[in-house]
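This report refers to the structure that appears directly beneath it.
Where a number appears in this text, it was derived from the coordinates with a stated rule and is not lab data. This is a predicted model, so every value here is computed, not measured. With ideal geometry, Cβ positions are generated from the backbone for all residues, glycine too; neighbour counts draw on all protein chains shown.
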Amino acid sequence: MPWGKADTETEKVVCSEVSVPDIYIEAIPRQKIGYLMEEYPHQEWLAYLVGKKSDHEKFFVEDISIPPHTESSMASAEAEPFHIPDKCIGIIHSHHRMGAFHSATDRDYVDKNFPVSITVAFGEGSNLAYDALSYQITPCGKRIVLDCTVKYVQPPPLFNKDKFLNKAKENIEKAHKVSFVSSLKVVPSALVGYEEFPWYPHYRGVPLPQTAVRAKESSFLRMRIPKIVTQTEIQTVQDQAKERYGFVLSRAEAEDIILNHPEGIRWLEL
């Protein structure tokens with residue numbers, strides 16, 4: 001589209017009565033801009049910004065409108081006239097991989113025709129970089145161009161956050177509740193001496209402390225009763241074995257130590 005050259009002296013005007021507005025891009029135009037950048041990674045394009053200005057001097061971009069182009073190349077983009085949509089608050093054009101900035105041509109022929117003018121380019125990683133200007137009129141009637149910040153509007157959640165987290169935490173934290181294991185608990189009837197005993201003898205021949213002992217099994221009466229093993233007990237045994245001796249115990253091995261080899265727990269605490 002033809003641009004009318006504006007007065008370049010406006011860039012020198014400074015006014016404390018005019019606040020710098022923020023520009024918010026909502027979810028739909030954000031996605032459309034991203035798709036256009038992917039589709040034209042080495043080519044300029046332009047679009048009109050459709051939205052509104054709030055009472056607090058903030059611009060909200062609700063959509064973008066792509067006009068028919070008379071030119072679209074690596075270094076230039078121009079639209080056919082008479083395609084400005086309703087609720088147009090500005091214009092955006094791509095600098096693809098050249099960096100987000102306003103060239104002299106942009107400033108002289110584009111920026112001052114709309115309240116908002118944005119250039120977009122590829123930034124670091126997968127992010128997009130923006131350079132935004134806002135054309136304003138001071139209380140005394142002078143024209144001024146302000147550097148603005150572009151922000152994204154986060155869409156509202158598609159689900160109830162509290163409800164989701166409460167249910168998720170309930171399921172995840174079941175791991176911290178007790179599990180019931182039926183096992184043989186050894187009850188002493190008459191202690192008949194002690195012998196040195198490696199409480200878990202199949203650990204690759206690693207020497208175990210001589211203080212790890214248990215009473216002879218012949219002196220015990222076996223009874224089958226329910227035994228409660230907590231996740232805290234299991235985690236404690238696993239952590240102590242790994243920290244002190246380099247053993248990585250499975251849950252089953254930790255339960256076995258707690259249920260059937262209590263001397264092993266005493267040994268870990270030494």
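Kindly state, as a whole number, the per residue volume in cubic angstrom of the convex hull around the alpha carbon atoms of the stretch 50-123. Write out the running numbers ahead of the final one.
Numbers: hull volume 7.9 nm³, N = 74.
Given the Cα convex hull of the stretch 50-123, per-residue volume reads 107 Å³.
Among DSSP beta bridges lying fully in the stretch 8-152, give the percent that are antiparallel, nearest 5.
Details: 27 of 40 bridges.
DSSP beta bridges in the stretch 8-152 are roughly 70 percent antiparallel.
With θ set to phi - 60° and the Karplus curve 6.51 cos²θ - 1.76 cosθ + 1.60, what are the ³J(HN,Hα) couplings of the stretch 106-118 in order, to the nearest whole Hz, using x for Gly and Pro?
Going residue by residue, I get 4, 5, 7, 10, 10, 4, 8, 8, 9, x, 10, 9, 10 Hz, with x marking Gly and Pro.
Using the Kirkwood formula over every pair of different C-alpha atoms, what hydrodynamic radius in Å results for the stretch 11-157? Present the calculation step by step, with values, prior to reporting the outcome.
Values: mean 1/r = 0.0640 Å⁻¹.
Kirkwood hydrodynamic radius for the stretch 11-157: 15.6 Å.
Could you please rank THR232, THR138, placing first whichever residue has the fewest other Cβ atoms within 10 Å of its Cβ? Intermediate results must be reported in sequence, preceding the final value.
Values: THR232 10, THR138 15.
Listing THR232, THR138 from fewest to most nearby Cβ atoms yields THR232, THR138.
Report the label-to-label distance for LYS174 and CYS15 in nanometres (one decimal), using points 7 Å from each Cα along the Cα→Cβ vector.
In this crude spin-label approximation the distance works out to 6.5 nm.
Starting from the Cα of SER126, step 7 Å toward the Cβ, then list every residue of the stretch 33-47 with an amide N under 15 Å from that point.
Residues passing the 15 Å test: 34-39.
Ranking ILE89, ILE137 by Cβ neighbours within 10 Å, fewest first, what do you get?
Values: ILE89 19, ILE137 13.
In order of increasing Cβ crowding within 10 Å: ILE137, ILE89.
Can you tell me how much longer the chain between GLU26 and THR236 gets when fully stretched, taken as 0.36 nm per residue apart minus their C-alpha distance, in nm with one decimal?
Numbers: separation 210, 0.36 × 210 = 75.60 nm, distance 4.90 nm.
Computed gain between GLU26 and THR236 is 70.7 nm.
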